[in-house]
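This report concerns only the one structure given below.
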Amino acid sequence: AGLRGAVCQRCWLLAHYGRALRLRLPPEQHRQVVSAALRRPPRHGRGPLLLYVLDVLELPDPVLAQLPGLLGPDVPAAGLLVVGNKVDLLPADAPGHLGRLRRRVEAACAQAGLCGAPLVDVRLVSAKTGFGLEGLVSRLQRSWKCAGDVYLLGATNSGKSTLFNTLLRSDYCKSRAPDAVDRATVSSWPGTTLNLLKFPIINPTCDRIFRRQERLKEEATKTEDELSNEEKKYLNQLKKQGYLVGEVGRTFRRQSSSPLVDFDPDMLSYSVDEDPRHSPKKPEEREQFTYNEVKDARWCFDTPGIVKENCVLNLLTEKEIKLVLPTHAIIPRTFILKPGMVLFLAALGRVDYLQGEKPAWFSVVASNLLPVHISTLSNADAIYEKHAGQELLKVPMGGEERMKEFPPLVPQDITLKGIGTTEAVADIKLSSAGWVAVTAHAEEKLLLRAYTPEGTALVVREPPLLPYISTIRGARIAGTAAYRTKRPPSLVENLKTTERR
């Protein structure tokens, strides 16, 4: 009984210090673990629903194309629902940007051969800020009800465990479960979910769906001014972290009796010369499900993340990963470059503007903690040689010794043709470090050369994910190639907005 609440050293370090012991499973072994879980015999006479969590920043998702092979012909999946996560990190470049993002996710599914059955739907959410989560729960309860188990799948760092934790405290989970189920360990370190964590799914009866809809209607009539001080503080914190925010509430709460105050009368009667005697604390009783509560339960499982191959994150230390993976709303940084100029994204990526008739705009969409440095073509190699591993380029960090083991940057030539001064023609995606959206005059031909570390993937994404990103900028900074940054406002989806006069 004493071991029931024990956790391993790895989980303890993750939960309390945000650090992970360096434990890596090879990609093939990751796939075997997930595949074995999915090949379990169907329970309740029906195969599971697969909830695939896709990081929209990573489009095209390298793991999505592996999904048909991972499932295989002998996996009796009854449905697939693709969830585009982390939309809170991307600014609205123009009206309708969420519709464009959704179409890009749908196109990625089609390209991976996942169109039609068993694809149920595509949703856009933020597991971290709660945007789109109430809609996702409603969609699951309407279409899937409680027909079978649900498996969360996805690549490492896609936000799968964060989504699991958010669903655990939502109307999708039995009301007593959050007290009885350990929350998934969330970390930026790849592959932190090594066992199948699970929670029981609530049965969405007609009465429960009605009560839930009433709660959602009531909350939608509130304004920010009507929230409690604690709710306002939490909401403002989420707004600082993301552009799109949504509240995730609970309709069905466990009825709890009034807590008893337990005290030791001897503790109240000691003199100033005596130390209080600490009576031993009674061990906390962990919540336990009864047999009847779980005998027919349908479960939501969190599976291990599948490691992305050819990914720059696989080359980085834990400290470096925390700088590279964006955790707050990305503020785009735009630069106007002439031919012969070079843009560095830390020491992880480089874009050279080799040939063109006119200046072009290069908008960087990456973690706000990663530096961008502009140079000339003649100085670029010397700058990389001198500053890679140092503070100017920041990542990797560790000086010459670190760079001796880090792969060299390798080039790829890219030819683009401009659309116009307000619309980007393509994104140059520098593995998982971020991307550079290129905007050029109409019909203007550009010859570029982009670099990423050897063994990582460089992708030219056409059309770009945020085609109007260069318009989100402040005034030009005199004497430089840079524009002032501008952070668009945040949007709360399930509160009534108050008009500012």
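The values are calculated or read from the model by the stated rules, or taken from the named source; none is laboratory data. The shown structure was predicted, so the numbers you read here are calculated from the model rather than taken from an experiment. Heads up, the Cβs are rebuilt from the backbone with ideal geometry, glycines too, and the neighbour counts pull from every protein chain shown. The protein model used for the area step is the full one, side chains on, heavy atoms only, and it has no ligands, DNA or RNA in it. Shrake-Rupley method; radii C 1.70, N 1.55, O 1.52, S 1.80 Å.
Can you name the residue in region 458-474 that is at pLDDT 95 or above and over 20 Å from Leu98 (Cα atoms) and, of all such residues, is least open to solvent (accessible area, probe 1.4 Å)?
Leu458
Here's a check for you: in region 382-401, which residue that is in a helix (DSSP H, G or I) and either among the small types (Gly, Ala, Ser) or under 28 Å from the mean Cα position of the chain (by Cα) (or both) is farthest from Val351 (Cα to Cα)? So that I can check it myself, show each step before the final result.
Taking region 382-401 first, the residues in a helix (DSSP H, G or I) are 382-387, 399-401.
Filter once more, keeping what is either among the small types (Gly, Ala, Ser) or under 28 Å from the mean Cα position of the chain (by Cα) (or both): 382, 399.
On the way: Ala382: 15, Gly399: 23 Å.
Here the answer is Gly399.
Could you count how many residues in region 144-154 are at negative phi and in contact with a helix residue (DSSP H, G or I) (Cβ under 7 Å, 6 or more places away or on another chain)?
Residues meeting the conditions: 3.
Residues Ser175, Ser158: which one is at pLDDT below 90 and among the small types (Gly, Ala, Ser)?
Values: Ser158 fails: at pLDDT below 90.
Going through Ser175, Ser158 in turn, just one is at pLDDT below 90 and among the small types (Gly, Ala, Ser): Ser175.
Determine whether region 57-80 contains at least one residue that is under 21 Å from Leu465 (Cβ atoms) and free of Cβ contacts under 8 Å to residues at least 60 places away in the same chain.
yes
State yes or no: is Ala478 open to solvent by less than 60 Å² (accessible area, probe 1.4 Å) and of a type in the set (Gly, Ala, Ser)?
Working: open to solvent by less than 60 Å² (accessible area, probe 1.4 Å): no; of a type in the set (Gly, Ala, Ser): yes.
Judged against the criteria, Ala478 is not a match.
Can you find a residue in region 352-371 that is over 25 Å from Pro463 (Cα atoms), outside any strand (DSSP E or B) and in the same structural domain as Glu462 (by the TED database)?
Pass one, region 352-371, residues over 25 Å from Pro463 (Cα atoms): 369, 371.
Narrowing further to those that are outside any strand (DSSP E or B): 369, 371.
Going one step further and asking which of them are in the same structural domain as Glu462 (by the TED database), we end up with 369, 371.
Checking region 352-371: at least one residue is over 25 Å from Pro463 (Cα atoms), outside any strand (DSSP E or B) and in the same structural domain as Glu462 (by the TED database).
Just the residues that are in contact (Cβ under 8 Å) with a residue 24 or more places away in the chain and either loosely packed, with under 14 Cβ neighbours inside 10 Å or not in a loop (DSSP other than H, G, I, E, B) (or both), please, taken from region 111-131. So that I can check it myself, show each step before the final result.
Step one: of region 111-131, the residues in contact (Cβ under 8 Å) with a residue 24 or more places away in the chain are 111-114, 118-131.
The answer is Gln111, Gly113, Leu119, Val120, Asp121, Val122, Arg123, Leu124.
For region 102-129, which positions are in contact with a Lys or Arg (Cβ under 7 Å, 6 or more places away or on another chain) and of a type outside the set (Asp, Glu)? Can you show your working first?
Of region 102-129, the ones in contact with a Lys or Arg (Cβ under 7 Å, 6 or more places away or on another chain) are 121-124, 126.
Val122, Arg123, Leu124, Ser126, listed by residue number.
Which residues, counting only those in region 290-308, are among the polar types (S, T, N, Q) and modelled with pLDDT of 70 or more?
Taking region 290-308 and keeping what is among the polar types (S, T, N, Q), we get 290, 292, 303.
Residue satisfying the conditions is Thr303 alone.
Do we find a residue being outside the structural domain of Ala92 (by the TED database), in contact with a helix residue (DSSP H, G or I) (Cβ under 9 Å, 6 or more places away or on another chain), in a loop (DSSP other than H, G, I, E, B) and within 30 Å of Lys308 (Cα to Cα) anywhere in region 436-452?
The answer is no, given that none of the residues of region 436-452 is outside the structural domain of Ala92 (by the TED database), in contact with a helix residue (DSSP H, G or I) (Cβ under 9 Å, 6 or more places away or on another chain), in a loop (DSSP other than H, G, I, E, B) and within 30 Å of Lys308 (Cα to Cα).
From the list Leu153, Leu140, Leu67, Leu54, exactly one residue is touching a Phe, Trp or Tyr at 6+ places or on another chain (Cβ under 7 Å), in a strand (DSSP E or B) and open to solvent by less than 50 Å² (accessible area, probe 1.4 Å). Which is it?
Numbers: Leu140 fails: in a strand (DSSP E or B); Leu67 fails: in a strand (DSSP E or B); Leu54 fails: touching a Phe, Trp or Tyr at 6+ places or on another chain (Cβ under 7 Å).
Unique residue meeting the criteria: Leu153.
Just for region 439-460: of the residues that are in contact with a strand residue (DSSP E or B) (Cβ under 6 Å, 6 or more places away or on another chain) and of a type in the set (Val, Ile, Thr), which one is nearest to Gly389 (Cα to Cα)?
Thr452
Of everything in region 305-330 that's surrounded by fewer than 18 Cβ atoms within 10 Å (Cβ to Cβ) and charged (D, E, K, R), which residue is nearest to Asp88 (Cα to Cα)?
Result: Lys322.
Taking region 211-249 on its own, how many of its residues are among the charged types (D, E, K, R), loosely packed, with under 15 Cβ neighbours inside 10 Å and not in a helix (DSSP H, G or I)?
1
Do you know which residues across region 303-338 are charged (D, E, K, R) and not in a helix (DSSP H, G or I)? Let's see the steps before the verdict.
Residues of region 303-338 that are charged (D, E, K, R), as a first pass: 308-309, 318-320, 322, 333, 338.
Answer for region 303-338, where residues must be charged (D, E, K, R) and not in a helix (DSSP H, G or I): Lys308, Glu309, Arg333, Lys338.
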